[in-house]
Amino acid sequence: MLTSTKIPRIIGHRGAKGLAPENTLVSFRKAKELGATWVEFDVKETEDGVLIIMHDDDLDRTTNGKGTIIKSKWSEIKNLDAGSYFNSKFINEKIPTLEETFLLLSELNLGANIEIKPCPTREKRTAIAIANEIKNKWPKNLPQPLVSSFSMESLVAAKKVDPNLIIGALFETLPHDWKKIALEVQAKTIHIDHEIVNKEMINEITHEGYPILTYTVNDQKRASELFDMGVTAIFTDFPWKE
Ligand code: G3P
Ligand code: MG
């Protein structure tokens, strides 16, 4: 397996979150249609261990269901409507599994940043399950995915399952000991909120040899500014073709 991957500059955030219901198959199709070559999405685990594409810890905001994912079984989730919250024309859209998503990515030739987004207390278990799924089912026709998380515990657990995984450390703000953390989790990339980055910070990180990916950048002028400052890639809700 390869241990490096070519990261494109534009990555569709939760697919194309600005134009389709986030983290759904239709959102990934939309990102592809708009010219994205990679998408980012969030993965968590149902009570009974099914890996699903979902950002929030509960169902309320993006589906017609209620309650937490950690207390819901896949059989209770799989028929929920995960499209209407965005627009009634997406009424038949469902929450995808990670496995279904891999199949679609393969069909569309779409690369991915897989974000491990565990429900609280599931940091290790969910990471291990995701890493195993990637190891066994990641499509051979695609570039190796980048696996990121805000949970350093998850990243360590995933890397233990497969030492070849390419890890990205996600931060909301840059901790003073970011480099120590990056080394501990064996990160190859640093992912950070574009609203808090500045030239000094970018220089410090790139000087240490880490590519920087910033979220969530929905303004193309801001994207150019970030690229000029040395940022490698941006996550955007409105991906475009370069
Ligand atoms: O991975 C970049 C970005 O998705 C991190 O924030 O909350 O949108 O998952 P969030
Ligand atoms: Mg995310």
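Readers should treat all values here as calculations from the given coordinates under stated rules, not as data from a laboratory. Computed from a predicted structure; not experimentally measured. Positions of Cβ are backbone-derived with ideal geometry, glycine not excepted, and every protein chain shown enters the neighbour counts.
Based on this model, can you work out whether R61 counts as within 17 Å of D48 (Cβ to Cβ) and among the charged types (D, E, K, R)? Write out each step before concluding.
Details: within 17 Å of D48 (Cβ to Cβ): no; among the charged types (D, E, K, R): yes.
Taking the combined requirement at face value, the residue does not satisfy it.
I'd like the full set of residues that are among the polar types (S, T, N, Q) and within 15 Å of ligand 1 (Cβ to nearest atom), limited to segment 118-152.
At the first step, the residues of segment 118-152 found to be among the polar types (S, T, N, Q) are 121, 126, 132, 136, 141, 144, 148-149, 151.
Matches in segment 118-152: T126, S148, S149, S151.
Would you pick out the residues in segment 39-98 that are over 24 Å from A16 (Cβ atoms), acidic (D, E) and more than 19 Å from the chain's Cα centre (by Cα)?
Hits for segment 39-98 are E47, D48, E76.
Considering K17, K78, K66, which residue is touching a residue at least 24 places away in the same chain (Cβ under 8 Å) and basic (K, R)?
Every option except K17 fails the conditions.
Which one of K135, K180, K199 is free of Cβ contacts under 8 Å to residues at least 24 places away in the same chain and over 15 Å from K117 (Cβ atoms)? Before the answer, list the steps.
Numbers: K135 fails: free of Cβ contacts under 8 Å to residues at least 24 places away in the same chain; K199 fails: free of Cβ contacts under 8 Å to residues at least 24 places away in the same chain.
When all the criteria are applied, what remains is K180.
For segment 100-215, which helices (runs of 4 or more DSSP H) that fit wholly inside it have 3 or more residues that are within 16 Å of ligand 2 (Cβ to nearest atom) and surrounded by 16 or more Cβ atoms within 10 Å (Cβ to Cβ)?
The qualifying helices (runs of 4 or more DSSP H) are 123-137, 152-161.
Out of all the residues in segment 216-233, which are within 16 Å of ligand 2 (Cβ to nearest atom) and either of a type in the set (V, I, T) or at positive phi (or both)? Show your work before the answer.
So the first thing to find is which residues in segment 216-233 are within 16 Å of ligand 2 (Cβ to nearest atom), and the list is 216-218, 233.
T216, V217, listed by residue number.
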